1. Cross-link partners among aspartates and glutamates for K47, C-alpha distance below 15 Å, same-chain residues fewer than 8 apart left out?
2. How charged is the neighbourhood of R31? Take every other residue with its Cβ under 13 Å from the Cβ of R31, and add Lys/Arg as +1 and Asp/Glu as -1.
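Bear in mind that the values in this text are calculations on the coordinates, not laboratory data. Bear in mind that the values here come from a model prediction, so they are computed numbers and not experimental data. Backbone-built Cβ (ideal geometry, glycine too); neighbour counts: all protein chains shown.
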Amino acid sequence: MGLRTTINDPYIQSKHNQQGDLMTEISIYTRQFCGYCTAAKNLLKHKGVDFVEHDATFDPELRREMVKRSEGLSTFPQIFVGDIHVGGCDDLMAMERSGNLESLLKA
């Protein structure tokens, strides 16, 4: 089970950003002491979006789930917006720099 940054009810189906706009659920698979994980989470927090964090540090089942969802990638973090696999931290940052992240988050 993941950690939710601002919404604590795991049964809430729709997600909203801090401005109240409906948003697609964002999931991020992380591990402890991962600078890339921290950077990705900080960007999402800075953008004011809620996300579910799946800390797979000591959870082999979560790691297997992450690898399956990311079609074989095993590096951390792995980020998903709904069913769309964004990739890792570098991919998230590239989307932000190109201006494509905002539209994906509001999809």
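1. D21, E25, E96, E102
2. It works out to a net charge of -1.
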